């Protein structure tokens, strides 16, 4: 692999879970988003959305967020606006375990500077998605993320 998704093989995906069970398939889907054609990338991202953020967030979500940020800034990725939208979905969803929710939200919040940079991207769809995510980040005040 190149510089994107670097370190993905060091994550113990088989020990993590997503909405439908084991997260073993997450690296393959992330790779398909990174290097697939438009159809392959979109299908893989759709799976990731279902697995990692559509219903709730999971420990696999926490591990995947840094790689989603990588994909969002990589111009060769064909579905960058949708990747950014998934990051926003993750920020807006809850988890059964408050610590997992906090970690997932913080992983997205840690990319705030990246989201700000993406608001100036050459792709208008990326700029729009990034602007919405930046607004969500700026207005994020869920109970699990409030300081104790």
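The values are calculated or read from the model by the stated rules, or taken from the named source; none is laboratory data. In this text the structure is predicted, and so the values were computed from the model without any measurement. When we count neighbours, we look across all protein chains shown, and the Cβ atoms used for this are built from the backbone with ideal geometry, even at glycine.
Please verify whether the range 80-87 includes one or more residues that are more than 12 Å from the chain's Cα centre (by Cα) and touching a residue at least 12 places away in the same chain (Cβ under 8 Å).
No, the range 80-87 contains no residue that is more than 12 Å from the chain's Cα centre (by Cα) and touching a residue at least 12 places away in the same chain (Cβ under 8 Å).
Residues of the range 7-16 being surrounded by 12 or more Cβ atoms within 10 Å (Cβ to Cβ) and free of Cβ contacts under 8 Å to residues at least 40 places away in the same chain, which ones?
15
Within the set of pairs 6+ apart or on separate chains, which have a first residue in the range 120-148 that is within 14 Å of residue 82 (Cβ to Cβ), a second that is modelled with pLDDT under 95 and not in a loop (DSSP other than H, G, I, E, B), and C-beta atoms under 8 Å apart?
Final answer for the pair search is 133/91.
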